[in-house]
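What follows is calculated from the coordinates using simple rules that are stated; it is not laboratory data. What you are looking at is a predicted structure, and each value in this text was computed from that prediction instead of being measured. No Cβ is skipped: glycine too gets one built from the backbone with ideal geometry, and neighbour counts run over all protein chains shown.
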Amino acid sequence: MSKNMIRAIRGMNDIVPPTGGAWIALESTVTELLSAYGYHHMRLPLLEFTDLFKRSIGDATDIVEKEMYTFDDRNGESLTLRPEATAGLVRAAISNGMTHNQRHKVWTSGPMFRYEKPQKGRYRQFHQIDVEAFGFDGPDIDIEMIAMSARLWSMLGLKRLTLQINSLGTPEARADYRDLLVQYFSAHKDQLDEDSLRRLDVNPMRILDSKNPAMAELIAGAPLLNEHLDTASAAHFEALQAGLDALGIDYEVNPRLVRGLDYYSRTVFEWVTDALGAQGAVCSGGRYDGLFEQLGGKSIPAIGWAIGVERLLALCEAEQVPPAAVEPHEYLVAVGAQAERDGLTLSERLRDALPGLRLDRNLGGGGMKAQLKRADKSGAQLAVIIGEQEAGEGVVAVKPLRESGEQQRVAYDGLADWLAARVSNAAE
């Protein structure tokens, strides 16, 4: 590589062929699923005022303290590349008058940014699919959210995912629990690392999220939040479990699952896998009933989840789930001036007749041997060949490229029907 060549920024990756096809296939599956459940798409800015994330995620979180891409613009205002999507969706709902006696089921997707140490499954620019529901306060929406994610795994053919759930209760109940944690960890200050000592007075629940193995035993002995839930939150959590049981969705109650953002309340959940090493969380979510009010809006109940796209695609690869096909169904070979003219008009007629047909056409000339070599390299199922003789007779020669079989001659006018009957997904 030349030293003068401009490199990609560390932790920010190019998505190039053929990998891009797997992304498109996944996005198509997600769009189909969310539309079936009545969720509507939203598109949001990449940049927000920094205060949005300080007020929502929390000053004492690693994201705000260490990981955000923040800078002052020319007006001296502090802006941040979004590190997650929920706060932006809530801000957009408030800004656009979506909170007045309304309920919304929405989703968005796109890049997020965090300054972390790049490693497999964790990047500085990463992509999320984020699904949210505003204005629903019962456990039924919690159940739908989890059921919807479980259906996505089924649609993708994924098996190695386990659901973990917990309840964080109300802010009032957590305040009492916080006092218990402070008492417990204060009695063991000599075992706390630097981050935990700093968080002891600011947000002691964040200590439970520590990944420091030296503190694992201490954390395991801490009081359990689900033993100190308020009555309403306990009933909500029981109804959630009953709904999952009714749907046959297996789960584990993980009393240490607290999630890494300050705005969560009551239900929290994660889908985790053992197939990706340390990066085990694939889909995470929960309730954030106080966030709208925290950001200057009306008090509105809300719940959502987010999927890391890179991590989900890595899981598909680990489980050897093949992505949807993106190779062409057919590759049109045309040799000679008349054949090239016929090939041009015929290819567009086929696209009109078969909207789902993936058709590639030879460009740039070349002899028969060279064009057939390109056809094979394209991954197409069939080569549709027009030579001088075929052009004169108004027919094509169809040659199978992936399976055994004889080459066949088909008239121009009958080619669309012939392909519709034989090429998988051509008419879908």
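Near Lys189, which lysines are there with a Cα under 18 Å away, not counting those fewer than 8 places off in the same chain?
By straight Cα distance, Lys189 reaches Lys211.
Separation between the Thr231 and Asp179 pseudo-spin-labels, each 7 Å from Cα along Cα→Cβ, expressed in nm?
Spacing of the two 7 Å Cα→Cβ label points: 2.0 nm.
Based on the mean of other beta carbon atoms within 10 Å per residue, what is the order of 39-47, 389-397, most packed first? List each step's numbers first, then the result.
Numbers: 39-47: 13.8, 389-397: 17.3.
For the peptides 39-47, 389-397, the packing ranking is 389-397, 39-47.
Rounded, prolate or oblate, given the Cα gyration tensor of region 216-259, with a/c below 1.5 counting as rounded?
Working: a/c = 3.76, a/b = 1.58, b/c = 2.38.
Oblate.
Mind running the shape call on region 330-422? Use the C-alpha gyration tensor, a ≥ b ≥ c as the square roots of the eigenvalues: rounded below 1.5 for a/c, prolate if a/b tops b/c, oblate otherwise. If you can, show how the numbers build up before the last one.
Numbers: a/c = 1.29, a/b = 1.07, b/c = 1.21.
Taking the square roots of the gyration eigenvalues as a ≥ b ≥ c, region 330-422 is rounded.
Going by average Cβ neighbours within 10 Å, how do the peptides 219-227, 106-114 rank, with the highest at the top? Intermediate results must be reported in sequence, preceding the final value.
Details: 219-227: 14.3, 106-114: 19.1.
Listed from highest to lowest mean packing, they are 106-114, 219-227.
Can you give the relative contact order of the chain as a percent, counting alpha carbon pairs under 8 Å and 6+ residues apart?
On the way: 707 pairs, mean separation 64.2, N = 428.
Averaging sequence separation for qualifying contacts and normalising by length gives 15 percent for the chain.
Just to verify a number: FRET efficiency for Arg122 and Glu393, C-beta to C-beta distance, R0 = 60 Å, to 0.05?
Values: r = 60 Å, r/R0 = 0.99.
The value I calculate is 0.50.
Hey, rough spin-label estimate for Asp352 and Leu247, points 7 angstrom out along Cα→Cβ, what's it come to in nanometres?
The modelled label-to-label distance comes out at 4.6 nm.
Return the whole-Å distance between the Cα centroid of region 1-24 and the Cα centroid of region 302-339.
17
At a 10 angstrom cut-off on C-beta neighbours, averaged per residue, how do the peptides 247-255, 284-292, 232-240 rank from highest to lowest?
284-292, 232-240, 247-255
Just to confirm my numbers, what's the Cα centroid distance between region 58-110 and region 227-285 in Å?
24
Rounded to the nearest 500 deg cm²/dmol, what is the calculated helix-only ellipticity per residue at 222 nm for the chain, with -39500 (n - 2.57) per DSSP H run of length n ≥ 4?
On the way: 14 runs with 155 residues, N = 428.
Helices in the chain give a 222 nm mean residue ellipticity of -11000 deg cm²/dmol.
Rounded, prolate or oblate: which fits region 81-190 when a ≥ b ≥ c are the square roots of the eigenvalues of the alpha-carbon gyration tensor, with rounded for a/c under 1.5 and prolate only if a/b beats b/c?
Details: a/c = 1.43, a/b = 1.20, b/c = 1.19.
Here region 81-190 falls in the rounded category.
Taking the beta-carbon count within 10 Å as an exposure proxy, list Met5, Met12 from fewest neighbours to most. All intermediate terms of the calculation are to be shown ahead of the outcome.
Details: Met5 6, Met12 13.
Arranged by neighbour count, lowest to highest, Met5, Met12 become Met5, Met12.
Straight distance only, please: which aspartates and glutamates reach the Cα of Lys377 with their own Cα at less than 13 Å, same-chain residues fewer than 8 apart left out?
Glu327, Glu330, Asp360
Per residue of region 189-200, what does 6.51 cos²θ - 1.76 cosθ + 1.60 with θ = phi - 60° give for ³J(HN,Hα)? Whole Hz please, x for Gly and Pro, Karplus curve as stated.
4, 5, 9, 8, 7, 4, 4, 5, 4, 5, 7, 4
Once the other residues with Cβ under 11 Å from the Cβ of Leu218 are scored (Lys, Arg +1; Asp, Glu -1), what is the net sum? Working shown, then result.
Details: positive: Lys189; negative: Asp190, Asp193, Glu217.
Counting the neighbours of Leu218, the net charge comes to -2.
Lys/Arg Cβ at +1, Asp/Glu Cβ at -1, dipole of the chain taken about the Cα centre: which of Ser196, Pro322, Met98 is farthest positive-ward?
Sorting the options by dipole projection puts first Pro322.
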